[in-house]
């Protein structure tokens, strides 16, 4: 029986748990600059990796992680090895900097077609930096395979993938024949713990690296993200003392002021 092949798309992002004060807005360059914030694997993609590893345990699948970017951190992305992934593929090239969702999906789909007989593609529901939430579905459209988004649980039965798909009040159970793509939400649970020892043990594992010349791509399809304006949000604060002849009067005046400002 053919071994199940699962591809997980992994994005490297600045740690979204970093304090807001560590992100500087460069209005001229139209970019947000993280200061002292380390790169991490997108949390939603970690959810997708956890699903892949559970399916690996159940079905003996092979898990291949793929990441795309301009300057990727191998130590960060080798965490996929420590968690249990079998292969790690990096698409790294200066021309991959700040690609929009369509171009990102185009590049990933080109790489996925080179993975031998993939059965299931898993992505996070969205990225922790731009939160567009469309790349996974675009990949499925380009590969012309079924897609299901917002999964809170994923299982495989007889060459079909079954998904508990999130809804505002509950979930639907949806199925699709494989190969298929599923975007995974945080409700599936966090990625399993990876110890420092396991991270050190995979530091020498080989990583497959491809650049733009290695893939049969159309350069005209690579578009950068279009940011028309970007500016920091400034909060204006005003201090006002509430006066009154007694504590009760001060309380009434405070409530009146809060209602006037539509706070209550």
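The values are calculated or read from the model by the stated rules, or taken from the named source; none is laboratory data. Quick caveat, the model's predicted, so the values are computed rather than measured. When we count neighbours, we look across all protein chains shown, and the Cβ atoms used for this are built from the backbone with ideal geometry, even at glycine.
Scanning the range 210-243 for residues that are at pLDDT 85 or above and outside the structural domain of residue 115 (by TED's automatic domain parsing) returns 241, 242, 243.
Being on the phi > 0 side of the Ramachandran plot and touching a residue at least 24 places away in the same chain (Cβ under 8 Å) is the filter; apply it to the range 102-133 and report the residue that is nearest to the chain's Cα centre (by Cα).
Here is the first cut: in the range 102-133, the residues on the phi > 0 side of the Ramachandran plot are 117, 131, 133.
Within this subset, residues satisfying the condition of being touching a residue at least 24 places away in the same chain (Cβ under 8 Å) are 117, 133.
Details: 117: 24, 133: 8 Å.
Applying the filter and picking the extreme gives 133.
Among the residues of the range 180-198, just one is more than 21 Å from the chain's Cα centre (by Cα) and either surrounded by 10 or more Cβ atoms within 10 Å (Cβ to Cβ) or within 20 Å of residue 60 (Cβ to Cβ) (or both), namely 198. Screening the range 16-67 for residues that are out of contact with any helix residue (DSSP H, G or I) (no Cβ under 7 Å at 6 or more places or on another chain), part of a loop (DSSP other than H, G, I, E, B) and modelled with pLDDT of 85 or more and picking the one that is nearest to residue 84 (Cα to Cα) gives 60.
Scoring residue 153 on the criteria (1) within 18 Å of the chain's Cα centre (by Cα); (2) closer than 22 Å to residue 118 by Cα; (3) touching a residue at least 60 places away in the same chain (Cβ under 8 Å) leaves a single failure, condition (3).
Does residue 25 satisfy the criteria of being surrounded by 13 or more Cβ atoms within 10 Å (Cβ to Cβ), touching a residue at least 60 places away in the same chain (Cβ under 8 Å) and over 17 Å from the mean Cα position of the chain (by Cα)? Outline the logic, then answer.
Numbers: surrounded by 13 or more Cβ atoms within 10 Å (Cβ to Cβ): yes; touching a residue at least 60 places away in the same chain (Cβ under 8 Å): yes; over 17 Å from the mean Cα position of the chain (by Cα): yes.
Here the answer is yes, as residue 25 does meet what is asked.
Which of the numbered conditions does residue 53 fail, given that it passes all the others? Conditions: (1) touching a residue at least 60 places away in the same chain (Cβ under 8 Å); (2) under 23 Å from residue 107 (Cβ atoms); (3) under 20 Å from the mean Cα position of the chain (by Cα). Residue 53 satisfies every listed condition except (2). One residue stands out in the range 201-236 among those that are in contact with a helix residue (DSSP H, G or I) (Cβ under 9 Å, 6 or more places away or on another chain) and farther than 30 Å from residue 132 by Cα: the one that is surrounded by the most Cβ atoms within 10 Å (Cβ to Cβ), namely 202.
Take the residues of the range 72-95 that are under 17 Å from the mean Cα position of the chain (by Cα) and more than 16 Å from residue 203 (Cβ to Cβ): which is surrounded by the fewest Cβ atoms within 10 Å (Cβ to Cβ)? The residue in question is 89. For the condition modelled with pLDDT under 90 and either touching a strand residue (DSSP E or B) at 6+ places or on another chain (Cβ under 6 Å) or assigned to a strand (DSSP E or B) (or both), residue 206 does not qualify.
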